[in-house]
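Accompanying notes for the structure given below.
The values are calculated or read from the model by the stated rules, or taken from the named source; none is laboratory data. Just so it is clear, the structure is predicted and the values come from calculations on it, not from any experiment. Because the Cβ atoms are built from the backbone with ideal geometry, glycine has one as well, and the counts that use them run over all protein chains shown. Only protein heavy atoms, including side chains, enter the accessible area calculation; ligands, DNA and RNA are left aside. Shrake-Rupley method; radii C 1.70, N 1.55, O 1.52, S 1.80 Å.
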Amino acid sequence: MEPYAGRSGPAALATVALLVPDARPQMSLRDRIAGFLGELWSLRPLPPRVARFYLRARRVARRSGDRFSLDSATRPGELAELLRLARGHRLVVEIGTGTGWTAIALAIADPGRRVWSYDPVVRPETDRYLALTGSNVRERIDLRAVAGESAEWSGPLVDVVFIDSSHERE
């Protein structure tokens, strides 16, 4: 009799998962702990709530195979400098949303700040990372699917503009 006979759904998958060895090399507990501690250490320049978001976002990105976010997100040291420069400013415009990590971090860092982010490429992963935040953060982020240079502006004066874009003209 097959070990998964009579089982369906998650129970069958769990049984099959036990029978099929993982193709990836397993990291030792020591290596996993060292990696986690290194990740925590890299987040030390960030405010605690932003560091917590980055830690959660990285975990979600790794588990979902989102290499784009892991490779392109603003690095913690650079983000800490941006947050320092944006301190006290209420309206930040970002050119180049990517998957939204920087826009989210800017909104998390200051509960009175609004962030408008422009990008002609809408990435489906962005919603996944917005879901890691509360509604009080999400309602202060306005993602606009348009190239920054073609956006029409009729709003209030902008305090800070952050350009993080790698799109090339065709």
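What pairs can you find where one residue is in the range 18-34 and under 18 Å from G65 (Cβ atoms) and at pLDDT below 50, the other is open to solvent by 100 Å² or more (accessible area, probe 1.4 Å) and not in a helix (DSSP H, G or I), and their Cβ atoms are less than 9 Å apart, with a gap of 6+ or different chains?
none
Can you work out which of the residues in the range 25-74 that are out of contact with any Phe, Trp or Tyr (no Cβ under 7 Å at 6 or more places or on another chain) and of a type in the set (S, T, N, Q) is nearest to T133 (Cα to Cα)?
Within the range 25-74, the match that is nearest to T133 (Cα to Cα) is S64.
Quick one: in the range 89-136, which of the residues that are among the β-branched types (V, I, T) and either more than 13 Å from S69 (Cβ to Cβ) or without any contact (Cβ under 8 Å) to a residue 24 or more places away in the chain (or both) is most open to solvent (accessible area, probe 1.4 Å)?
Here the answer is V122.
So, R7, is that one part of a loop (DSSP other than H, G, I, E, B), at pLDDT below 50 and of a type outside the set (V, I, T) or not?
Taking the combined requirement at face value, the residue satisfies it.
Checking the condition open to solvent by 50 Å² or more (accessible area, probe 1.4 Å) and at pLDDT below 95, which residue from R63, R84 passes?
R63
Test L85 against the stated conditions and say whether it is closer than 27 Å to L157 by Cβ and assigned to a helix (DSSP H, G or I).
yes
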